[in-house]
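S.K.: Sharing a structure below in structure tokens format, with a few things to ask.
The values are calculated or read from the model by the stated rules, or taken from the named source; none is laboratory data. Quick caveat: nothing in here was measured; it's all calculated off a predicted structure. Because the Cβ atoms are built from the backbone with ideal geometry, glycine has one as well, and the counts that use them run over all protein chains shown. Side chains included, ligands, DNA and RNA excluded: accessible areas come from the protein's heavy atoms. Shrake-Rupley method; radii C 1.70, N 1.55, O 1.52, S 1.80 Å.
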Amino acid sequence: MSVPPNGLLADAAEHRLHARRTTLPKRLQGPGPDAAQKSRILLAASAAPDHHQILPWRFVEVTAAKRNLLAEAFVQALHERDAKASAQELDQAREKAHRAPWLLLAICRTQQPEHEGKDHIPTAERLVSLGCALQNMMLMCTALGLGSSLTSGKAMHAQAFRQLFALPAHESAICCLNIGHIQSSRTNRQRPSPADYFSTL
């Protein structure tokens with residue numbers, strides 16, 4: 001198979017980059033990605049930069065069979081923050097677990113376990129690596145015709161969340177990656193231009 005000229009490859013890459021849009025879980029519908037698509041999405045994460053190759057992040061799939069456990073973790077997390085939460089608020093917290101057809105929790109190893117045997121890599125670099133992995137995955141979703149989004153919140157830091165995912169002290173839940181087919185697209189937002197974020201020393 002012939003390889004397109006570099007200019008065409010750059011054009012295709014640029015198109016995919018700018019075609020990516022956040023699709024909130026409520027705008028996603030099933031079915032989720034099939035096994036082959038999941039494999040490609042997960043493999044895209046491996047292209048993220050990784051100082052010293054310590055692999056400071058991982059992803060946990062929350063299957064349909066475990067969504068009720070996640071729902072109760074959201075409820076417990078809300079109780080931790082607000083013991084007077086209403087029944088409606090608890091139902092809204094519970095419903096968060098059931099929105100996305102394919103749901104992954106992104107976890108970052110934010111500290112240096114003693115057994116790692118590598119020079120210390122700052123938490124900021126580890127989070128940047130995770131962010132790159134997530135962006136790669138969402139770009140692959142776009143290329144596959146799927147919608148995706150990141151969701152986070154105070155529940156990520158709740159004890160109930162840590163217990164459900166058995167997180168050790170050196171790991172933190174960062175966000176959820178939601179993936180599925182696009183039911184409805186949101187209005188495109190105005191993106192910044194290079195002049196908004198580029199300067200010369």
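S.K.: Output the residue which, of all residues in the stretch 177-190 that are surrounded by fewer than 18 Cβ atoms within 10 Å (Cβ to Cβ) and small (Gly, Ala, Ser), is farthest from Ser129 (Cα to Cα).
M.R.: Ser184
S.K.: Exactly one condition in (1) free of Cβ contacts under 8 Å to residues at least 60 places away in the same chain; (2) open to solvent by 60 Å² or more (accessible area, probe 1.4 Å) is not met by His52; state its number.
M.R.: Status for His52: all satisfied but (1).
S.K.: Have a look at Thr110, Thr123, Thr142 and point out the one that is more than 26 Å from Leu78 (Cα to Cα), crowded, with 16+ Cβ neighbours inside 10 Å and of a type in the set (Val, Ile, Thr).
M.R.: Only one candidate passes the filter, namely Thr142.
S.K.: Identify the single condition in (1) in contact with a Phe, Trp or Tyr (Cβ under 8 Å, 6 or more places away or on another chain); (2) at positive phi that Ala173 does not satisfy, given that it satisfies every other one.
M.R.: Going through (1) in contact with a Phe, Trp or Tyr (Cβ under 8 Å, 6 or more places away or on another chain); (2) at positive phi one by one, Ala173 breaks only (2).
S.K.: Same structure, new question: Need at least 1 residues that are small (Gly, Ala, Ser) and under 22 Å from His98 (Cβ atoms) per element, so show me which helices (runs of 4 or more DSSP H) inside the stretch 109-201 make the cut, counting only ones lying wholly within it.
M.R.: Once the helices (runs of 4 or more DSSP H) in the stretch 109-201 are filtered for at least 1 residues that are small (Gly, Ala, Ser) and under 22 Å from His98 (Cβ atoms), what remains is 159-164.
S.K.: If you scan the stretch 55-68, which residues turn out to be surrounded by 14 or more Cβ atoms within 10 Å (Cβ to Cβ), closer than 14 Å to Leu104 by Cα and in contact (Cβ under 8 Å) with a residue 40 or more places away in the chain?
M.R.: Matches in the stretch 55-68: Trp57, Arg58, Phe59, Val60, Val62.
Per-residue answers, yes or no, for (1) open to solvent by 80 Å² or more (accessible area, probe 1.4 Å); (2) under 29 Å from Leu78 (Cα atoms); (3) touching a strand residue (DSSP E or B) at 6+ places or on another chain (Cβ under 9 Å):
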{"site": "Ser129", "(1), (2), (3)": "no, no, yes"}
{"site": "Cys132", "(1), (2), (3)": "no, no, no"}
{"site": "Leu150", "(1), (2), (3)": "no, yes, yes"}
{"site": "Glu171", "(1), (2), (3)": "no, yes, yes"}
{"site": "Cys175", "(1), (2), (3)": "no, yes, yes"}
{"site": "Pro192", "(1), (2), (3)": "no, no, no"}
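S.K.: Tell me, yes or no, whether the stretch 3-21 has at least one residue that is under 15 Å from the mean Cα position of the chain (by Cα), surrounded by 13 or more Cβ atoms within 10 Å (Cβ to Cβ) and under 27 Å from His181 (Cα atoms).
M.R.: So far as the stretch 3-21 goes, yes, one or more of its residues are under 15 Å from the mean Cα position of the chain (by Cα), surrounded by 13 or more Cβ atoms within 10 Å (Cβ to Cβ) and under 27 Å from His181 (Cα atoms).
S.K.: What pairs come up if the first residue lies in the stretch 156-171 and is more than 11 Å from Val60 (Cβ to Cβ), the second is exposed (fewer than 14 other Cβ atoms within 10 Å of the Cβ) and not basic (Lys, Arg), and their beta carbons are under 8 Å apart, counting only those six or more places apart or on different chains?
M.R.: His170/Pro113
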